[in-house]
Amino acid sequence: MAKELPRATVKRILKANLAGKKIGNKAVEHCIDYIEEVIADIGFELNRLADHENRNIIREKDMLFVLESE
């Protein structure tokens, strides 16, 4: 799967919580892989909810339900 999340953005978010420590590029790549997998799982669950209700639109209530279920 091609990486979609920008490495610089993920690195900046991680560094904001590292108390001045550095983070290697491979560590950032592993984080991106994990985050993209989580997003894909959320998308799968959102799709199931919309299909169950015969809808083509994902609503806020769907997202909140999935996020609270995780």
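The values are calculated or read from the model by the stated rules, or taken from the named source; none is laboratory data. Computed from a predicted structure; not experimentally measured. Counting neighbours? That spans all protein chains shown, and the Cβs are built from the backbone with ideal geometry, glycine included. All accessible areas refer to the heavy atoms of the entire protein, side chains included, with ligands and DNA or RNA removed. Shrake-Rupley method; radii C 1.70, N 1.55, O 1.52, S 1.80 Å.
Please specify each residue of segment 14-26 satisfying the condition of being in contact with a Cys (Cβ under 7 Å, 6 or more places away or on another chain) and more than 21 Å from Glu4 (Cβ to Cβ). Answer for segment 14-26, where residues must be in contact with a Cys (Cβ under 7 Å, 6 or more places away or on another chain) and more than 21 Å from Glu4 (Cβ to Cβ): there is none.
Across segment 27-65, the qualifying residues are those that are open to solvent by 100 Å² or more (accessible area, probe 1.4 Å) and either in contact with a Gly (Cβ under 6 Å, 6 or more places away or on another chain) or among the basic types (Lys, Arg) (or both), and the one among them that is farthest from Lys3 (Cα to Cα) is Lys61. Cβ-Cβ contacts under 6 Å between residues 6 or more apart (or on different chains), taken from a first residue in segment 34-58 that is under 16 Å from Glu68 (Cβ atoms) to a second residue that is part of a helix (DSSP H, G or I) and open to solvent by less than 80 Å² (accessible area, probe 1.4 Å), are listed as Ile42/Val66; Glu45/Val66; Leu46/Asp62; Leu46/Val66; Leu49/Asp62; Ile58/Leu46; Ile58/Ala50.
Among the residues of segment 1-26, those that are surrounded by 13 or more Cβ atoms within 10 Å (Cβ to Cβ) and either of a type in the set (Gly, Ala, Ser) or within 13 Å of the chain's Cα centre (by Cα) (or both) comprise Leu5, Val10.
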